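S.K.: Got a structure for you, questions after.
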Amino acid sequence: MVRLQTISCIASIFFFCQITLSQSRATISGNVSDQFGSLPGARVSIEGTNQNTTTDVNGNYTFDVEEGEYVLTAGFVMYNSVSKTTIVNVGETTQLDFVLETGFSIDQPISVGSRAKPRSLLKTTAPVDIISPQEITNSSQIELSHILHYLVPSFHSTNQTIADGTDHIDPATLRGLGPDQILVLVNGKRRHNSSLLNVNGTVGRGTVGTDFNAIPIASIERIEILRDGATSQYGSDAIAGVINIILKKQTEVINIDNRVGITTEGDGFTTYSAANFGLKIGKEGYINVTAEYRDRESINRAGDYTGTVYTEDLVEDQRLIQENNFFDQTGYSGNRVMEIGSAETQNLTLAFNGEIKMSEKATFYLQGGRNYREGMAAGFYRFPKDQDRVVPELFPNGFSPQILTDIQDDVVAGGIRGVKNGWNVDFSHSIGINSLDYTVNNSNNASLGVASPRTFYAGGFEYQQNTTNLDISKTFDWLKGVNIAFGAELRVENYQIIAGEEASYIAGGSTYFDEFGDELPRAAGAQVFPGFQPENELNRFRTNSSAYFDVETNISEKLLVKAAARYEAYNDFGGQAIWKLSSRYRINDGISVRAGFSTGFRAPSLHQVFFQNISTQFVNGESIQVGTFNNESAVATEAFQIDKLKPELSKHFSAGVSGKLNDNFTFTFDYYLINIDDRIVLSGRFAEGYETILEPFGVGAAQFFTNAIDSKTSGGDLAIHYKEDLGSGKLGASLGANITSTKVKGNIKVSPSLIGQEDVLFNREEIARVESAQPNYKVNSLFSYEFGKFRLQMVNTLFGEVKFVHPDDGDQSNWVLNNYTGNIESRDQTFSPKLTTDLAVSYQINDYVKCTLGGNNIFNVYPDRHKHSANTSNGNFVYSRRVQQFGVNGANYYLRLLLKL
C-alpha cells in the first residue's frame, strides 16, 4: 500500500509539473512577405538569444518562448531588415507579421575582406560585388561560371573547344588576369583547385584554376566578390580578388527546379534538374541538402572542310571522296569533319551545408559534397592521307577521335566556431580532391598497326588539398572601435599523374611507305591524346604554413583604417612576407571614399612545378609531338638551363567611391593598378637545334614553365543600381561596367642558353593572349519589372574587342595568301565588340509553381568570322578558338518550372 501511494504521489507531481511547464510557455508566430506576397526562406531571429528560424513555403514562422518581452528581426538577402517588439503572456499566441522592402547590395553586410563584424559596402575599404539570391534564381544560365560571366563585368568564363580537358572545365578570370590569380572560398573556407593544367591554346594557358561548375547553383544563397588584392588576408592566389560563395541555410522549403533548352540550330539540347531542401536539427541546428543534374548535348559550329582527304592530287582526291561517300560517313552533317563548339557533358552533384549548436558559445559546422562529370569532345579529323597517323585496315576513311573525360570533385570542410574569454575562435579543416581521367575513343595507335585497339585509357591527374585554419578575433572599445585578428594556416597539397594503359603510349614499330617510296615509322601513342607514360607518373607533396595579423581601427565615426600582414613558408621555394594598408572615409551617411595599397604573391602550383607529358599539337595544320618537361628534368635544367620556379610577386593600388543618393539609386566606382613580377608562363615550342636532345623522348619539340614576364594591369569598375515603384509593379535596373588593360612590361626573361630566342620562349601570340585575348571592356545591364503574377527580365551584355595575333606574322615576309581576298595578308585579326540580349518572362501560377519562358542571345549574335582563310584550318574554324568573347552557341531558348513545396 505504501509503495502504491508513493508511486501515485510521484505521478501526481510529474503531471503537475507538466501542466505547469506547458502553462509557462507562449508562442510567437507570424508571416513574412513583400509587396508581391509571402517570402519563403526569410530569416527571423529573436534579438539577444540564439533563437532563429526560416519561414516556410507560405512565409510563416513560429517560436515557442517563455513569457516576456521580445524584439524580433526579419530579414532576407537584398531586403531591408525590419525589427519589431512584442509582449507575450503565458499560454498566449501573439501574431507578429513583417512586410519587407527590397534593398540594395550596397546596404547588405558582407563577410569577405574583413575579419570584423560584417559591414555594408558603404563602410568597407575595398569594393565587393554581391550576387543576390534573386539574381541567382532568376538567371537564365545553369552553370555557375556562366552566371558570373553575364552578371559580373570583371569576370570572364566561356566554353572552350578543341582543347582536350579544357573543353570540360571552363577557365575563369577576374580583371583580365589568370585563372590561378583568383582565390575561391566557400563559406569563407579555401576551395581546392582543379587537377587540370590548361596547356592548350586558350585563355589561361599554363594555369590551374578552380572548377566553378562543380559547385551546384541550387545550393548557393549568395556570392560575394572582393575586387581587390587580398593575399595578405587569405594567402596565395588572391591577386585579382576573392570570390566567396555562401551556401543556403533554409530549412522550411523544398525548391525543385526543372529546365529544358535547345539552340535555334537544333543542337545543344540541355536538361537541368535540381532539388534543395533543409531539415532542422534540434532547436537551432540545420542541414541543407542539394542534388543537381545537368545534361548538355554538344554544339557544332564547324565549317565545311575544303582540304584534301586521300591524296594531294586534287582531281583524284575529289573522285575518291565521291566514290567512298566520305562526308556521309564522318558522323557530321554537310561537309563537316569536326565538332567545334561546346562539348557534350553530363553533371551530377550532391552537396550539403549544416550547423549544430554544441553549447551557448560553440557551434559545429560542416559543408561539402561530390560532383561527378562525364564529358566528350572531338579532336582534329585524321584523314586517310595521314598515313603516319591512320591504320587504313582499321579506318579506311580516317576517323574523328574523341576525348572522354571522367571528372570527380569531392570536398568536406568542418570546424568549430565559438567564443572563448571574449575572443571569437574558429578552428576548421577541409579536404578537397579533384581527379580527371582520360579515355580516347574512335582512334588508333598507328605504330601498332592492325593490332591497335580503338579505345584507350590514357591516364589522368589527381590533386588533393588539406587545409587547417585557426582564426581568432576580438573587438575592443578603444577609440571608436578596434578589431584585432590573427591566425594560422597549414596546407598540405598532393599532385599525381597516373599513367595510361600501354597501348595508349607505346611505339609499336609499324611503318608505312611515303610518296617517295621511303619506309617511315608511324606515330606512337593514341591519336588525339597519347597516354601518359610510366616515366610521366609522379606523386608529389608540398606543405605550406602561414600566419597573419590584421587590425581594423575606427579612428573616428567617419574614418576606418585597416592594416594586415602575412608570412607564408613553403617547403619547396621558401617564405614570403606581404602586407596591406587600406582606409575608408565617410563623407556623409550616403557617400564614402576608399583607397588601399598592398603587396601580394602567388606560389607556383604543384601542377606547374611537376607536370610533364607528351601531347599532339597542331601548328599551321600540321601535327607535332611536343614534350612538356618539368623543372626536375635534365632537359629543362641542363639543356635549357631553366631555373626553378619562384612565386609571382604583385603590388596593388586601388581607389574608389560608393554612394547612395536616396532610397532608389546607388553607385560605386573603383580604379585599380596591379603590377605583377615574374609571372609563370608555359613557354613556346623549342625544336630547331635540339633534335639530338629530344630524339630519345620521341618528340619533335620541347616546352616548359618559367618565370618569363612582368605585367601591368590597370582599369576601372562601375556599378549602378536603381529601383522604382512604377504603376502597379516594381522596376529594377542595374548597370555594371569594367574596362581593363594588361601589358607585358620590359623584355622577356630567358636563361643564358636561350638569349636571342625570346620570341620562341614567349612569342607575339602568347603576349597577345595575356594582353588582348579577353575583352578589353564589358558592360552588363539588367532590367526587371514585376507586376501582379508576372515578371519580365532583360539582360544585355556588351563585350569589348579581342585580338588574335599569329606568332609568325610580326615579319611581313611570313604573310600568306588569303583565299578570301586573293591578297598576301597578315593573319592577325581584331574581333569587334558584340552585344548579346537575354530575355525571360515568368508567371507565378500559384504560391507553389512558377513558370518561365526565356531565351539567351535572342538575336542570334555570333563573334566575327575569320577573315583570313589560313586561320580556318581548311574551312573548319569559322570562328576563332584562340580568343573568345562569349562562345559560339548562338541563340537558345528554354522552358523552366520552379516548384516550392
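Please treat every number below as a calculation from the coordinates, not as lab data. Source: prediction; values computed, not measured. Positions of Cβ are backbone-derived with ideal geometry, glycine not excepted, and every protein chain shown enters the neighbour counts.
S.K.: Do any GluC sites (Glu not before Pro) in region 614-677 lie in a DSSP loop with no more than 15 other beta carbon atoms within 10 Å, and if so, which?
M.R.: Glu632
S.K.: Return the percentage of antiparallel bridges among DSSP beta bridges fully within region 22-102, rounded to the nearest 5 %. Walk me through the numbers before you get to the answer.
M.R.: Working: 25 of 30 bridges.
Given both bridge residues lie in region 22-102, the antiparallel proportion sits at roughly 85 percent.
S.K.: Right, next: Among the listed pairs Lys280/Lys357; Lys117/Lys361; Lys778/Lys850; Lys84/Lys660; Lys651/Lys745; Lys123/Lys580, which are separated by more than 20 Å between their Cα atoms?
M.R.: Details: Lys280/Lys357 11 Å; Lys117/Lys361 17 Å; Lys778/Lys850 32 Å; Lys84/Lys660 25 Å; Lys651/Lys745 14 Å; Lys123/Lys580 18 Å.
Among Lys280/Lys357; Lys117/Lys361; Lys778/Lys850; Lys84/Lys660; Lys651/Lys745; Lys123/Lys580, the Cα-Cα distance tops 20 Å for Lys778/Lys850; Lys84/Lys660.
S.K.: Okay, next question. Under a point-charge model restricted to the Cβ atoms of Lys and Arg (+1) and Asp and Glu (-1), what is the dipole moment magnitude of region 22-102 relative to its Cα centre, in debye to the nearest 20?
M.R.: Dipole size: approximately 140 debye.
S.K.: Sticking with this structure for a sec: How about region 836-901: which trypsin sites (Lys or Arg not before Pro) there are in a DSSP loop, with at most 15 other Cβ atoms within 10 Å of their Cβ? Walk me through the intermediate numbers first.
M.R.: Details: sites: Lys850, Arg865, Lys867, Arg881, Arg882, Arg896, Lys900; in loops: Arg865, Lys867, Arg881, Arg882.
Passing sites in region 836-901 are Arg865.
S.K.: Now for a separate question. May I ask what percent, to the nearest 5, of DSSP beta bridges between residues of the chain are antiparallel? Before the final figure, lay out the partial values.
M.R.: Working: 331 of 344 bridges.
Of the beta bridges lying entirely in the chain, close to 95 percent run antiparallel.
S.K.: Mind checking which of Ser711, Gln387, Ala230 is farthest towards the positive end of the chain's charge dipole, using Cβ charges of +1 (Lys, Arg) and -1 (Asp, Glu) about the Cα centre?
M.R.: Result: Ala230.
S.K.: Okay, moving on. Report the net charge of residues surrounding Thr73, where surrounding means a beta-carbon distance below 10 angstrom and charges are Lys +1, Arg +1, Asp -1, Glu -1.
M.R.: Net charge in that neighbourhood comes out at +1.
S.K.: Right, something else. Tell me the net charge near Asn421. Cut-off is 13 Å between Cβ atoms, Asn421 excluded, with +1 for each Lys or Arg and -1 for each Asp or Glu.
M.R.: Counting the neighbours of Asn421, the net charge comes to +3.
S.K.: Here is a further query. Could you work out the Kirkwood radius for region 22-102, taking every pair of different alpha carbons, averaging 1/r and inverting it, reported in Å? Don't skip to the end; give the middle numbers.
M.R.: Numbers: mean 1/r = 0.0791 Å⁻¹.
For region 22-102, the Kirkwood estimate is 12.6 Å.
S.K.: Which residue, Met794, Gly91, Gly241, has the largest displacement toward the positive end of the dipole of the chain when charges sit on each Cβ (Lys, Arg +1; Asp, Glu -1)?
M.R.: Final value for the positive-end residue is Gly91.
S.K.: What are the trypsin sites (Lys or Arg not before Pro) within region 523-595 that DSSP puts in a loop, where the Cβ has at most 14 other Cβ atoms within 10 Å?
M.R.: Lys558
S.K.: So for the chain, taking the charge dipole from beta-carbon charges (+1 Lys/Arg, -1 Asp/Glu), which of Val65, Phe427, Ile767 sits furthest toward the positive end?
M.R.: Val65
S.K.: Counting only DSSP beta bridges with both residues in region 103-249, what percent are antiparallel, rounded to the nearest 5?
M.R.: Bridges in region 103-249 are about 75 percent antiparallel.
S.K.: Straight-line reach only, C-alpha to C-alpha below 18 angstrom: list the lysines that Lys749 could link to, leaving out same-chain residues fewer than 8 apart.
M.R.: Cross-link targets: Lys644, Lys646, Lys712.
S.K.: Quick one: what do you get for region 850-899 if you divide its Cα Rg by 2.2 N^0.38 Å?
M.R.: Compactness ratio reported: 1.62.
S.K.: Just the ratio, please: alpha-carbon radius of gyration of the chain over 2.2 N^0.38 Å, N its number of residues.
M.R.: 1.03
S.K.: In debye to the nearest 20, how big a dipole does the chain give about its Cα centre with +1 on each Lys and Arg Cβ and -1 on each Asp and Glu Cβ?
M.R.: 3500 debye
S.K.: On to the next question. Where the only charges are on Cβ atoms (+1 Lys, Arg; -1 Asp, Glu), what is the dipole of region 620-750 about its Cα centre, to the nearest 20 debye?
M.R.: Roughly 480 debye for region 620-750.
S.K.: Within the set of other residues whose C-beta is less than 12 Å from the C-beta of Gly432, count the net charge using Lys and Arg as +1 and Asp and Glu as -1.
M.R.: Counting the neighbours of Gly432, the net charge comes to 0.
S.K.: Would you compute, from DSSP H runs of 4+ residues alone, the mean residue ellipticity of the chain at 222 nm, taking -39500 (n - 2.57) per run and dividing by the full residue count, rounded to the nearest 500?
M.R.: Only helices count here, giving -2000 deg cm²/dmol.
S.K.: Determine, for each peptide in 513-524, 439-450, 405-416, 837-848, the mean count of other beta carbons within 10 angstrom over its residues, then list the peptides with the highest first. Let's see the in-between values first.
M.R.: Numbers: 513-524: 12.7, 439-450: 22.7, 405-416: 19.3, 837-848: 15.5.
Averaged packing, sorted descending, gives the order 439-450, 405-416, 837-848, 513-524.
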